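Input: a single structure, listed below in structure tokens.
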Amino acid sequence: MMEKEKEGERSGPPCACGVDISVLPEGCISNTIALTTPKDACRACAVSSIFRAAAESNAVWESFLPSDYQAIIARSSSSSDSLSFSSKKQLYLSLSDNPILIDDAKKQSFFLDKLSGKKCYLLSARELTIAWGDDSRYWRWVSLPESRFSEVAELCFVWWFDINGKISTSMLSPKTNYSAYLVYKLTSRAHGFNYHLPTASIGTTGGGEVYEQTVGLGLPAVEPGQQDQVVLPQQQHTSRPKQRNDGWLEIELGQFFNEGGEADELQFGLKEVKCLSVKSGLIVEGIEIRPTRG
């Protein structure tokens, strides 16, 4: 009896059906882990050396990458050497931690959501439609070292504030709830964003519901990892800015569920054209589209 117990300890814990899962072929374990998530795959590495080998295999991490990742990388302005890795896991982690510039480095930045592997994009200010954006009296285009793009848009002053963007839903991951965020900064002379709050909107051109909410660009920012502590009654339905780890601010414009299938055009924007009060001191890096976190 004692000998059988010791033998059981050496072979590892059996599954519910009495079979030692460690004796399964590595390919079988890899196929199972590929049906989970990147987070689960990392956890599986702690089970045993066999699970670690399976969980870190190219087959598993290839399944977590978007099906069109090679075509996206081909559009990158980065050198091929900078995106050359010995494993698909390293490539996945690089695309999660280090966004790549695509389409001549002026229009878009692409990256993966680290937890899910879903596709994310940051559309540059040059890719947006900004009312009076080409008139240097109202907007000027400047370079900032903290921006991933060569140019950002700085608001000198306007009365008619209107920024819009769009992206094909076919570029996004299907069956995914997305949020759109304005990525921005405020200069020391920022003015006019707390009196009459702009309205943000998001929806598709093919019909359906258009999500709208007011946004408080000038409200105090929430630091990373913190929750809103004090929200005034009149601000309960107002989106508030959050401090990003890259030094910029972001504010949610709205949410959208991408069903997938037939391609449509997702449109999003931010405007204040009713009260026509003077606004100034806003720096726009772009609008980011990424999966909504619960």
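The values are calculated or read from the model by the stated rules, or taken from the named source; none is laboratory data. Here the structure is a predicted model, which means the values were calculated and not measured. Neighbour counts are summed over all protein chains in view; Cβ atoms, including those assigned to glycine, are modelled from backbone coordinates with ideal geometry. We work out accessible area using only protein heavy atoms, side chains counted, and drop any ligands, DNA or RNA first. Shrake-Rupley method; radii C 1.70, N 1.55, O 1.52, S 1.80 Å.
Report, in whole Å, the centroid distance computed from the Cα atoms of the stretch 143-161 and the stretch 260-294.
15
In Å², and per residue, what accessible area does the stretch 156-294 have when probed at 1.4 Å with the other protein chains present?
50
Heavy atoms only, probe 1.4 angstrom, no DNA, RNA or ligands counted: give me Ile287, Ile50 ranked by accessible area, highest first.
Result, largest first: Ile50, Ile287.
Calculate the translational D of the stretch 44-147 in whole µm² s⁻¹ from Stokes-Einstein, where the hydrodynamic radius comes from the Kirkwood formula applied to all Cα pairs, the temperature is 20 °C and the viscosity 1.002 mPa s.
Rounded, D is 134 µm²/s.
Projected area of the chain, taken from the Cα convex hull and averaged over every viewing direction, in nm²?
20.5
Based on the Cβ-Cβ distance of Arg240 and Ser168, what FRET efficiency does E = 1/(1 + (r/R0)^6) give at R0 = 35 Å, to the nearest 0.05?
0.75
Holding the Cα-Cα limit at 19 Å, pick out from Lys39/Lys89; Lys89/Lys118; Lys114/Lys185 the pairs that are longer than that. Provide the component values of the computation, followed by the final result.
Values: Lys39/Lys89 12 Å; Lys89/Lys118 15 Å; Lys114/Lys185 25 Å.
Checking Cα-Cα distances, Lys114/Lys185 exceed 19 Å.
Explain nothing, just the number: relative contact order of the chain, from Cα pairs under 8 Å at least 6 residues apart, as a whole percent.
Over the chain, the number comes to 19 percent.
Using only alpha carbon pairs under 8 Å that are at least six residues apart, calculate the relative contact order of the stretch 64-139 and give it in whole percent.
Dividing the mean separation by the residue count of the stretch 64-139 yields 24 percent.
Tell me which residues come under 5 Å, amide H to amide H, from Thr292 once H is placed; ignore anything under 5 positions away on its chain.
Excluding prolines and chain starts, which carry no amide H, the hits are Asn177, Tyr178, Ser179.
Report the accessible area of Leu128, computed with a 1.4 Å probe over the heavy atoms of all protein chains in place, in Å² rounded to the nearest 10.
20
Students sometimes get this wrong: rank Ser239, Ser116 by accessible area, probe 1.4 Å, all chains present, largest first. Let's see the in-between values first.
Values: Ser239 15, Ser116 45 Å².
From most accessible down to least: Ser116, Ser239.
Gain in length, Lys175 to Thr32, computed as 0.36 nm per residue apart minus the alpha-carbon separation, to one decimal in nm? Intermediate results must be reported in sequence, preceding the final value.
Values: separation 143, 0.36 × 143 = 51.48 nm, distance 2.12 nm.
This chain segment gains 49.4 nm when fully extended.
At a probe radius of 1.4 Å, what is the per-residue accessible area of Phe157, in Å² to the nearest 10?
70
Divide, for the stretch 95-251, the radius of gyration over alpha carbons by 2.2 N^0.38 Å, where N is the residue count.
For the stretch 95-251, the normalised Cα radius of gyration is 1.08.
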